[in-house]
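Heads up, the thing below is written out as structure tokens.
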Amino acid sequence: MNDHVTISTFQLFGMFPDEPSARIYLEQRRWPNGPRCPVCKNSERITMREDGFYRCNACKEDFTVRTGTIFERSHVPLHKWLYAMYLLVTARKGISSLQLSKQIGVTQKTAWFLLHRLREACGNDLQKLRGTVEVDETYVGGKEANKHESRKLHMGRGAVGKTPVIGLRERGGRMVAYPVASVDAVNLRSAVYKYVEPGATIHTNEAQAYGELDGLFFRHEAVNHSLGEFVRGEVTVNGIESAWAVLKRGINGVYHHVSKKHIGRYVSEFTFRLNDGKVDRHTLNRIASLLTATVGRRLTYQGLTQ
């Protein structure tokens, strides 16, 4: 890794030692041309008040840089939020709530909620994939061998008790992934229509469900894994399979257990780090990408736990 694209924890603390310094940074990132009301979008009749509060004289609303973001109604100081974001984008396999709670001096419950709010922002990516796109599925969840006997399903091996996840990865580019109820032709076709530009080339394995992609607005090529074929010319799904390996190492090594209810956010965190957290991007640019994604997102504790 080049020294000029990363900053150390010590440097981060020097840049954002307290709440005011972090708030000013967030305001500059969110409002480069000055404060803008998140309610009526007015930017001309704004009065600055104390401690980062603003009054919109057009709609009479008070707001801060937290309003309308995942930071809204959080009592965690903004410099601690920034440090959590730093850890999320720089830790290749993620960070546990227990580790984060010790790092920023909050309870594990607070750290768990904070991380899920950040993961909620990580899913805020609407860009379509183009060129050559590898499509594949994986299954995420606890290993039967690691479960207590009372929790084992005794239904064989493989995907039993796990959540299916569909992934699409642009060759040399971005990736989209999310959990589904089942990996069938309908869900695969929907994924391609939603996330891939027409005219792209789709690479898959030989699974029968992928045959439904033939005849759509895409060129479809497949490798036959059952016959030992993993690469045929430029046709391969090795890129997305390597991404799955990193995802599973993170879930098994850092989080140990991920419930079906929350797995979508963990997958979003992983894909965000793969897409925007690349080590050749400056650390502050990676944090800035996550900050941009926080606007317009909201996750309450009640919504998270119910």
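Quick check: anything in the stretch 240-250 in contact with a His (Cβ under 8 Å, 6 or more places away or on another chain) and under 14 Å from THR132 (Cα atoms)? So that I can check it myself, show each step before the final result.
We begin by selecting, within the stretch 240-250, every residue in contact with a His (Cβ under 8 Å, 6 or more places away or on another chain); these are none.
No; the residues of the stretch 240-250 include none that is in contact with a His (Cβ under 8 Å, 6 or more places away or on another chain) and under 14 Å from THR132 (Cα atoms).
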| query | For the stretch 249-306, what are the residues that are surrounded by 15 or more Cβ atoms within 10 Å (Cβ to Cβ) and of a type in the set (D, E, K, R)? | reply | ARG265, GLU269, ARG273, ASP276, ARG281, ARG286, ARG297, ARG298
| remark: Checked the stretch 92-108 for anything touching a helix residue (DSSP H, G or I) at 6+ places or on another chain (Cβ under 8 Å) and not polar (S, T, N, Q); matches are ARG92, LYS93, GLY94, ILE95, LEU98, LEU100, ILE104, GLY105, VAL106
| note | By residue number, the members of the stretch 4-46 that are of a type outside the set (Ser, Thr, Tyr), surrounded by 14 or more Cβ atoms within 10 Å (Cβ to Cβ), in a loop (DSSP other than H, G, I, E, B) and touching a residue at least 40 places away in the same chain (Cβ under 8 Å) are ILE7, PHE16
| note | Selection from the stretch 172-201 of residues over 22 Å from VAL246 (Cα atoms) and either among the acidic types (Asp, Glu) or assigned to a strand (DSSP E or B) (or both) yields ASP184, VAL196, GLU197, THR201
| Of everything in the stretch 173-231 that's in contact with a helix residue (DSSP H, G or I) (Cβ under 7 Å, 6 or more places away or on another chain) and among the charged types (D, E, K, R), which residue is nearest to THR271 (Cα to Cα)? | ARG174
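For the subset of the stretch 249-303 comprising residues that are acidic (Asp, Glu) and over 18 Å from GLN99 (Cα atoms), which member is modelled with the highest pLDDT?
Quick first cut of the stretch 249-303, residues acidic (Asp, Glu) only: 269, 276, 280.
Right, trim to over 18 Å from GLN99 (Cα atoms) and you get 276, 280.
Numbers: ASP276: 85, ASP280: 79.
My answer is ASP276.
Might you let me know whether the stretch 145-165 holds any residue that is of a type in the set (Gly, Ala, Ser) and either under 22 Å from the mean Cα position of the chain (by Cα) or modelled with pLDDT of 95 or more (or both)? Break it down into steps so the answer makes sense when it comes.
In the first step, residues of the stretch 145-165 are kept if they are of a type in the set (Gly, Ala, Ser); the result is 145, 150, 156, 158-159, 161.
Filter once more, keeping what is either under 22 Å from the mean Cα position of the chain (by Cα) or modelled with pLDDT of 95 or more (or both): none.
No: the stretch 145-165 contains no residue that is of a type in the set (Gly, Ala, Ser) and either under 22 Å from the mean Cα position of the chain (by Cα) or modelled with pLDDT of 95 or more (or both).
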| message | Every residue in the stretch 273-295 that is in contact (Cβ under 8 Å) with a residue 40 or more places away in the chain, more than 22 Å from LYS261 (Cα to Cα), out of contact with any Phe, Trp or Tyr (no Cβ under 8 Å at 6 or more places or on another chain) and not polar (S, T, N, Q), please. | response | LEU274, ASP276, GLY277, VAL279, ASP280, ARG281, HIS282, LEU284, ARG286, ALA288, LEU291, VAL295
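Yes/no per residue for (1) in a loop (DSSP other than H, G, I, E, B); (2) within 30 Å of THR6 (Cβ to Cβ):
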site: LYS260; (1), (2): yes, no
site: ARG273; (1), (2): no, yes
site: ARG281; (1), (2): yes, yes
site: GLY303; (1), (2): no, no
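Residues are listed down the side, and each one gets a yes or a no for (1) outside the structural domain of GLY68 (by TED's automatic domain parsing); (2) touching a Ser or Thr at 6+ places or on another chain (Cβ under 6 Å); (3) of a type outside the set (Lys, Arg):
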residue	(1), (2), (3)
GLN208	yes, no, yes
GLU229	yes, no, yes
ILE240	yes, no, yes
TRP244	yes, yes, yes
LYS261	yes, no, no
PHE270	yes, no, yes
LEU291	no, no, yes
ARG298	no, no, no
| field | All positions within the stretch 210-231 that are part of a helix (DSSP H, G or I) and within 21 Å of LYS194 (Cβ to Cβ) | value | TYR210, GLY211, GLU212, LEU213
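Go through the stretch 81-134 and report how many residues are touching an Asp or Glu at 6+ places or on another chain (Cβ under 9 Å), surrounded by fewer than 16 Cβ atoms within 10 Å (Cβ to Cβ) and among the small types (Gly, Ala, Ser). Before you say what the answer is, go through the steps one by one.
At the first step, the residues of the stretch 81-134 found to be touching an Asp or Glu at 6+ places or on another chain (Cβ under 9 Å) are 88-89, 94, 115, 118-119, 122-123, 125, 128-134.
From what's left, surrounded by fewer than 16 Cβ atoms within 10 Å (Cβ to Cβ): 128, 131.
Next, from what is left, pick out any that are among the small types (Gly, Ala, Ser): 131.
Qualifying residue count, the stretch 81-134: 1.
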| note | Among residues of the stretch 194-221 being within 14 Å of GLU170 (Cα to Cα) and hydroxyl-bearing (Ser, Thr, Tyr), the residue surrounded by the fewest Cβ atoms within 10 Å (Cβ to Cβ) is THR201
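Taking the stretch 222-248 only, how many residues are farther than 30 Å from LEU100 by Cα and surrounded by fewer than 16 Cβ atoms within 10 Å (Cβ to Cβ)?
To start, the set of residues in the stretch 222-248 that are farther than 30 Å from LEU100 by Cα comprises 222-239.
In the following step, the residues that additionally are surrounded by fewer than 16 Cβ atoms within 10 Å (Cβ to Cβ) were identified as 224-234, 238.
Residues meeting the conditions: 12.
The values are calculated or read from the model by the stated rules, or taken from the named source; none is laboratory data. Bear in mind the structure is a predicted one, so any value in this text is a computation, not a measurement. Heads up, the Cβs are rebuilt from the backbone with ideal geometry, glycines too, and the neighbour counts pull from every protein chain shown.
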